[in-house]
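See below for the structure under consideration.
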Amino acid sequence: FGSIEGEAGSFSGVVSIGDARILLFPVYSMVGPVWVTSPTALQDAGLGEYKVSSDKAKWGGNHSELPTNKPLNLGWLMVERDEKENKSENGNFPKIDWPDKIPEQIRNRIVLVSNKLFSQIVNSNLEVRTSVAINPETGAAEEKALYTYEAIPRATILWFDVIVDDFRAQFPNLDNLKKWESTLRCDRKEDNKNKEENQINLLTRWRLWDKDKNEGKFKEALNKACDWVVSEKINKDGQQKWRWLSETMKNIDQSPIGIVQAGLEWAEHLGIGGMGTRGFGRIKKICEPWEV
């Protein structure tokens, strides 16, 4: 979403995608799989502030499937139920406003542990995988190149930040193109009040015209800009650009964040980092973004 050349000049990308962070981590227990979270994980995801004893855990609530009359093992770690805080009509477990699309079978099996226990549980329950480097010339295993690596288990719930910083409105999405064309041609009544000033400001921002040095080339630059806008809107076949053409994608917001969201749909099928023998995984978008 940036450019190193073109009519608008070079500019940095307008989208920053942060690291995916764990919100709910699955571990095995005597009563089946449970999903573990912590006060910091919840707070960082914008889901509120909660407390729990440093060496105990909270679980239960009106819809919980977990037994409350005995301790619970989280992997190899046995924890007792914290009865001290957050008692309410929802039982021991605090009421958290989870996104609706987190599956109910996960929401009913959530355990809240302290930040200290959370890091220990996660690090102790990562999947350890063994692999070997392949010799590109022979296609066989490379000698003395055996190695192991860790991976998060399937069904981990992650969240991450996508920051759009397009304060210059440089990204040529369809809406911006329409606004620019309207300003260049002064189609709106408010444009006619300061017609030339608006045109000059836009052309200067695009670096198509320098009012101090190229005063005689204003009309030429204006025509060039209008032609560029039209060429960005319509392709050689006369179809509208910056618009998904398939039935399932045509209503995607034509902006950087809209295209990022559309791209996440493909991550479920194409995978992250490839889908080779090492099994680097796929992600599925289950929630709409929380806008800030």
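The values are calculated or read from the model by the stated rules, or taken from the named source; none is laboratory data. Values in this document were obtained by computation on a predicted structure and should not be read as measured data. For neighbour counting, all protein chains shown are included, and Cβ atoms are generated from backbone atoms with ideal geometry for every residue, glycine included. Remember, those area values only see protein heavy atoms, side chains included, never the ligands or the DNA or RNA. Shrake-Rupley method; radii C 1.70, N 1.55, O 1.52, S 1.80 Å.
Pairing residues of segment 213-224 that are modelled with pLDDT of 70 or more with residues that are part of a helix (DSSP H, G or I), at Cβ distances under 7 Å and at least 6 apart in sequence or on separate chains, gives A221/L203; L222/L184; L222/Q199; L222/L203.
Scoring V15 on the criteria (1) open to solvent by 40 Å² or more (accessible area, probe 1.4 Å); (2) more than 21 Å from P103 (Cα to Cα) leaves a single failure, condition (1). Residue under question is D161, and the condition is that it be modelled with pLDDT under 70 and surrounded by 12 or more Cβ atoms within 10 Å (Cβ to Cβ); does it hold? When the stated conditions are applied, D161 does not pass them.
If the condition is being open to solvent by 10 Å² or more (accessible area, probe 1.4 Å) and not in a helix (DSSP H, G or I), then segment 31-44 contributes V31, G32, P33, W35.
Only residues that are open to solvent by less than 30 Å² (accessible area, probe 1.4 Å) and either within 29 Å of F160 (Cα to Cα) or modelled with pLDDT under 90 (or both) were counted across segment 49-72, and they come to 8. Scan segment 85-102 for residues that are at pLDDT 75 or above and farther than 14 Å from L47 by Cα and the total you get is 1.
Among the residues of this structure, I257 counts as one that is within 14 Å of V164 (Cβ to Cβ), at pLDDT 70 or above and open to solvent by 40 Å² or more (accessible area, probe 1.4 Å).
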